[in-house]
Structures are given as structure tokens and as C-alpha cells.
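These notes are about the structure you will find just below.
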Amino acid sequence: MSVAVATVGDILSVEQAREGVLGTIDRTVEVEVIATADALGRVLAGPVRAATALPPWDNSAMDGYAIRSEDVATATEDNPVRLDVVGEARAGSQPDAPVSPGRALRIATGAPLPWGADAVVPVELTTPLGPDDEPSGPRGRDATGPLPAACLVHQRIPIGGSIRRAGSDIAADTILLDGGSSLTAAGIALSAGAGVPRVAVHRRVRVAVLATGDEVRGPDEPMGPAGIPDANGPGLRALVTASGADAIDLGIARDLLDDVSRRLEAGISAGADVIIVSGGVSVGPYDVVKTAFDALGQIDLWRVAVQPGKPFTFGTAPRPGGRGSPVLLFGLPGNPVSSFVTFELFVRPAVRRLAGQRSLLRPVDRGVLRERVSKSAGRRAFIRVVADRDPAGAPVRDSKGRVSVRLAGGQAGQGSHVLSALAVADALAVVPEVAESVRAGTAVDLWWLDRD
Ligand code: AMP
Ligand code: MG
């Protein structure tokens, strides 16, 4: 077996392992141009620039009348100013006429401001007049119905009143969004609203997932006397989807080299950029995954000083035809919590780098452990924790801004097989290598897990 990265004391730190993985990725996946409307969650391959100013032209912020501010300079509630209404400015059309002294145009929200007008008086501050100069409706009547012949304006309106100026939201050619960020719903509205119908994004990364284990059973398969249901296949595929990639299901392999190798090859043929295998990477008699990786390509690193997840294995295999960057092979420990944590630590950042994302790691928060916890000395522990919450559901922070956290499922919940504790955890708390146990009140780094 060839191990390409030298290991200190035969075991890698979390950083060494992550750098070793990321160092094999020298390019991102291909770029494609797709409809902005279809790009939710996709990673932008470059900056998005506004194709138009927003608003593109001066328009009205209110339903009312387009006027000249100086015409109504003396208007008060009891001494209104009378203006002739000479036409209309509707949304989606050119205004009927310009506004000249003593005249107004009825205008709708979003309609272009007519030439000559420098303000809009909201309809609430007017009274409509008929051809006989008598009120044709009550003071402040809404602007529906036939066009009045004239109107009374009951308040002075400053220049620019109720006008949305061209470019006041976005100037043309402004960079709206940076490359390497993923599109949110608001980002889609912003791009589409600034006249950008298509965006250049990275294609989705394809990640194949293979569970292994003679004891592992698929959905609806009989358990038999020694079977367990497959947690890792579905769990890892969900983590893949949540990280913005496409998941490919390679099923469940027996603990046989041939079966594992055949399924890895199927993953490569299916165009996987990444293959994740769970189980079979430890030192048991039937742990064949490392041998399968070695046969297909090479093992780049193995064994990390992390708890849970020590047997973590990483390798690379050439793509069919030898072109393009290698396929990344992740061997995650079979215990479900270990596979989950090692996905977070090593697979997710790699998928994000392949996908063209600029930021690779989750933001780190500060927490305080409210309970004692024991761990293995010499390994960095990623403890599953639950945040204390106030009655509104917000995490409770101390005077230094640190989140108060407790062990999910207590100390017993920290076993690498304890799914019930993983499922209630809000975050991973990081406990350094040196300690064998830490006291209640210890400050920790916190990685929030994806959830509301
Ligand atoms: P291994 O890494 O293959 O030695 O497996 C470690 C532990 O994780 C064993 O108790 C396995 O039964 C369990 N395990 C392995 N794969 C899965 C899986 N896909 N779903 C649930 N448990 C698993
Ligand atoms: Mg196994």
C-alpha cells in the first residue's frame, strides 16, 4: 500500500488531513450558463453585473398626480391649489403628455415620470374635480375610476417627493454578486431585477455514496439475526444534497474486495467527482476499502487524530481516459456519527472547493461547555452539543457572547454509534487534542450544524 503523505507519529492532525485533501484539488468543476430563475443554490463562476440601472428611469413611488413642485408651494389643507388633469401616466406606457405649469397627470406607482414633472402628490392629499369644478369624489379618494378633469392639492410637495430616481437602487454595470458565492432567493430576484436573464455557474459536483458491511441492510430488506439498517447511505447522501452537490447511490457492498471495487468503478463510470465509502477502513480482518482504493488509484492519507473518525482514509483515482483532475476517494469510518463528523471536517470542504465556493468551512462561533466531558487524549474531539435556549428559542449567550452548550445525550451520547444524540445536536464543540477531559465552564469553538 502506498501512502503519499508523510505522517508525524503515524497520525495526522485535522489540519494536515484537510490540507492534504484540499491540496489534491487543483481545479473546480466545469462552468455552464443557465437561466437565473433556475440557479437557486448554484455557485457563481464569476461576478454578476447589473445589465440595467434600477429603476431604469425616474418613476412614481405612489398612486397620485405628477406635478411641478413650485405649482403647489402655497397649498394647505384649507387653501388647496387647483391643477388641470391633462392625461395619465400608466405603468408600462409612455405618459400621455408632459406636465406644464398649472397642470398635472394622474400617475400610477411604477409609471415613468412625465417630462416637466418634478414631484408626485399622493392621491390621499388630493380631491378630484369634475368638468364643472365641483368635487367628483371625496377628499383623498383613491385613484381608480374615470380620469378627473382637475384636482385640488392640499399640501405642498417638495421637489423629488414620491419619485424613485433612475439608478437609485442599482447603477448600471454595478457588481451585484461575487463569484464563488451561491445564489439565494434574494440574489436571484436581484439579478433578474437588474436585467440578468442567465448566469454562469459551476455545474453541480457529483458525489457517489457507497455503504459497506455484511451486516448492513437496505430499506425493506429483512434484518435476519445479525443485520442492521443502513444509516450511512441515506445520511451521507442527504449531507451531499445539503452541501449543494448531486448524490449518486452506489448501494451497499459486502465486505469483499471484488464487490467494493466493482461499485467504485461503477461510481467512476457514472461520472462521480467524489466517492464516499462508509465502513471497512479500519484494521479489522474484513476491512477491504483501503485495498480497493489502492488498486484503483492511490491512498494519499490515512488515520487522523480526531474523535470520532480516527480511521479516516483519503485517496485519489484517475478519471477514465486519464483526463481532468482525479476522482476523490473518501473512506469514512462505519460508525454513523464518525461518518457524519468526518464528512463535515473533510468531505464538505472538498466538495465546496470543487464546486467553486470561496468559503470552505462553517463559520466558527464561541461556546461554553456547561458540563464536564471526557475524551481520548491526543485526538481533537468534535463533541455533539445542544445549545441552551431562551423562551423565544434563541441560543443563550453569556456576558462574553459565548453560547451555553450541553452534551447531546449526556456523556453516553458521545459514543460514535449514538445516532439519537447526533440527531438532537445543534452544533459540534471542538475540544483540543491535549485534554483527556474538560471541566464544566470551559470555552470551546462551536460549529453550528445546518438547521434552523
Ligand atoms: P466499520 O467501520 O465497518 O468497522 O463499522 C463500524 C461500525 O459501524 C459497526 O458497528 C458497523 O456495524 C457500523 N456501520 C457500518 N456501516 C454502517 C451503516 N451503513 N449504517 C449503520 N451502521 C453502520
Ligand atoms: Mg464494516
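Observations
- Rel. contact order, % - alpha carbon contacts under 8 angstrom, at least six apart, the range 1-138: 22 percent
- Estimated [θ] at 222 nm from DSSP helical runs (n ≥ 4, -39500 (n - 2.57)) normalised by residues in the chain, nearest 500: -4500 deg cm²/dmol
- Paramagnetic label reach from V424 (point 7 Å along Cα→Cβ; backbone nitrogen cut-off under 20 Å): within the range 360-374, residues 368-374.
- DSSP bridge orientation in the range 16-144 - percent antiparallel, rounded to nearest 5: 70 percent
- Put simply, the amide H of A435, placed in the peptide plane, has neighbours under 5 Å in G378, leaving out anything fewer than 5 places away on its chain.
- Whole-Å distance, taken between Cα centres, linking the range 308-355 and the range 384-448: 26 Å
- Of P320, V434, P135, farthest towards positive along the dipole that unit charges on Lys, Arg, Asp, Glu beta carbons give the chain: V434
- Projecting label points 7 angstrom from Cα along Cα→Cβ for A97 and W115 puts them 1.5 nm apart.
- Once C-alpha pairs closer than 8 Å and six or more residues apart are averaged by separation and normalised to the residue number of the chain, the relative contact order reads 16 percent.
- Since only G413, L354, G378 are under comparison, the one whose Cα sits farthest along the positive direction of the charge dipole of the range 322-432, derived from C-beta charges on Lys, Arg, Asp and Glu, is L354.
- Net +/- balance of residues flanking V123 in space, Cβ distance below 15 Å, scoring K and R +1, D and E -1: 0
- Among 435-442, 402-409, 208-215, the order from most to least packed when residues are scored by Cβ within 10 Å on average: 208-215, 402-409, 435-442
- Which of P122, T109, P95, positive extreme of dipole for the range 83-206 (C-beta unit charges): T109
- Spin-label model, A412 to R49: label points 7 Å out along the Cα-to-beta-carbon direction sit 6.3 nm apart.
- Under 13 Å from K400, Cα to Cα: aspartates and glutamates that are on another chain or at least 8 residues apart: D365
- Cα-only Debye scattering, the chain: base-10 log of I(q)/I(0) at q = 0.06, 0.07 Å⁻¹: -0.45, -0.55
- Global geometry of the range 372-452, whether rounded, prolate or oblate, following the gyration tensor of its Cα atoms and the 1.5 cut on a/c: oblate
- Between R49 and L176, the built amide H atoms are under 5 Å apart, and every one of these is 5 or more places off in sequence or on another chain.
- Using the Cβ-Cβ distance between I175 and A266 with R0 = 35 Å, the FRET efficiency computed as 1/(1 + (r/R0)^6) comes to roughly 0.25.
- Note that the range 305-310 has calculated 3J(HN,Hα) couplings of 6, 9, 10, x, x, 3 Hz, one per residue in order, obtained from phi through the Karplus relation 6.51 cos²θ - 1.76 cosθ + 1.60 (θ = phi - 60°); glycine and proline are x.
- At most 10 other Cβ within 10 Å, DSSP loop - trypsin sites (Lys or Arg not before Pro), the range 13-81: R27
- Theoretical gain in end-to-end length, A185 to D294 [0.36 nm per residue, Cα-Cα removed]: 34.9 nm
- Computing FRET efficiency as 1/(1 + (r/R0)^6) for E221 and S325, where r is the C-beta to C-beta distance and R0 is 45 Å, gives about 0.80.
- Close amide H partners of A104, meaning residues 5 or more places away or on another chain with modelled amide H under 5 Å apart, are D84, V85, V86.
- Rounded to the nearest Hz, the phi-derived 3J(HN,Hα) couplings of the range 133-143 under the Karplus curve 6.51 cos²θ - 1.76 cosθ + 1.60 (θ = phi - 60°) are 6, 8, x, 9, x, x, 3, x, 4, 5, 8, where x marks glycine and proline.
- Mean separation of Cα contacts under 8 Å (6+ apart) over length of the range 108-219, as relative contact order %: 20 percent
- Each residue of the range 314-324 was assigned a 3J(HN,Hα) from its phi angle through the Karplus expression (A = 6.51, B = -1.76, C = 1.60, θ = phi - 60°), giving 9, x, 9, 9, x, 6, x, x, x, 9, x Hz with x at Gly and Pro.
- Rough spin-label spacing in nm, given labels placed 7 Å along Cα→Cβ, for E32 and R254: 3.8 nm
- The tail of the calculated P(r) for the range 281-426 beyond 18 Å holds 66 percent of all Cα-Cα pairs.
- Cα gyration tensor shape for the range 299-374, rounded if a/c is under 1.5, else prolate or oblate: oblate
- Beta-bridge orientation, the chain: approximately 65 percent antiparallel, per DSSP, counting only bridges with both partners inside.
Each reported figure results from applying straightforward, stated rules to the coordinates on display, with no laboratory input. Keep in mind the model is a prediction, meaning the values are calculated, not measured. Neighbour counts are summed over all protein chains in view; Cβ atoms, including those assigned to glycine, are modelled from backbone coordinates with ideal geometry.
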